[in-house]
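Down below is the structure, laid out as structure tokens.
The values are calculated or read from the model by the stated rules, or taken from the named source; none is laboratory data. Worth saying up front: this structure is predicted, and the values here are computed from it rather than measured. Cβ coordinates were reconstructed from backbone atoms using ideal geometry, including for glycine residues, and neighbour counts include every protein chain displayed. Side chains are part of the model used for accessible areas, which takes the heavy atoms of the whole protein and leaves out ligands, DNA and RNA. Shrake-Rupley method; radii C 1.70, N 1.55, O 1.52, S 1.80 Å.
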Amino acid sequence: MLDLVLTIAHHLAVFSLVGVFAAEFFLLREGVTGPRLTQLGQIDRLYGMLAGIVVVVGIVRVIFGAAGPWYYLGNQMFWAKMTAFVLVGLLSIAPTRAILEWRKAAVSDPSYSPTRTAIGRARLFLRIQAVLLALIPAFAAAMARGYGS
């Protein structure tokens, strides 16, 4: 029963993370100002919190799940999945820093809007994250079927 609960929690956290990522991708557009920048910052913060939940639940699942830690730790697909997740996290730093900077600028100037170049750069990081996020379930499916052992 514990394995089922951990699996459900992990999947809900991952699906929530992807949904919040999609919302951030949608909001991060040219012309974003004031309240939308605030909303973008809140969504970005939620994205980070969900990533933390995914990690914590994932670790608990590795340790206490039915497959046992040695199944995961000895599997190349697991490590590919972890590598992709870490890269997504690292790639999220630049857009997060930009959003924080933009929100700060918007406090002193409510009509502030990031430049086209700044938006484009942040969106590039999001596009790369999207590709890596799409690889994660592929690695998970391969791992669940015994590939990489």
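Ratio of alpha-carbon Rg to the 2.2 N^0.38 Å globular estimate for the range 1-108, to two decimals, please. Before the final figure, lay out the partial values.
Working: Rg = 16.8 Å, N = 108, 2.2 N^0.38 = 13.0 Å.
My calculation over the Cα atoms of the range 1-108 gives 1.29.
Roughly speaking, to the nearest percent, how much of the chain's 1.4 Å accessible area is carbon and sulfur?
C and S atoms contribute 71 percent here.
Seen against the Cα atoms of the chain and their longest principal axis, helix 34-64 is set at about 10 degrees. For the range 102-149 versus the range 49-93, the inter-centroid distance based on Cα atoms is 18 Å.
Computed from Cα positions, the angle between helix 76-91 and the longest principal axis of the chain comes to roughly 10 degrees. For Glu101, the solvent-accessible surface computed with a 1.4 Å probe is close to 120 Å², ligands and nucleic acids excluded. Give me the angle, in degrees from 0 to 90, between the Cα long axis of helix 116-144 and the longest principal axis of the Cα atoms of the chain, rounded to the nearest 10. Tilt of helix 116-144: around 10 degrees. So if we plug the beta-carbon distance of Ala105 and Thr83 into 1/(1 + (r/R0)^6) with R0 = 41 Å, what FRET efficiency do we get, rounded to 0.05? With R0 = 41 Å, the Cβ-Cβ based efficiency is 0.75.
How much mean residue ellipticity at 222 nm does the chain get from its helices, if each DSSP H run of length 4 or more adds -39500 (n - 2.57) and you divide by all residues, to the nearest 500 deg cm²/dmol?
Details: 6 runs with 123 residues, N = 149.
The helix contribution divided over the chain gives -28500 deg cm²/dmol.
Within the range 65-149, the trypsin sites (Lys or Arg not before Pro) that combine a DSSP coil assignment with at most 12 other C-beta atoms in a 10 angstrom radius are Arg145. Per residue, the accessible area of the range 17-149 comes to 57 Å², computed with a 1.4 Å probe over protein heavy atoms only. Dividing the mean sequence gap of close Cα pairs (under 8 Å, 6+ apart) by how many residues the range 1-87 holds gives a relative contact order of 39 percent.
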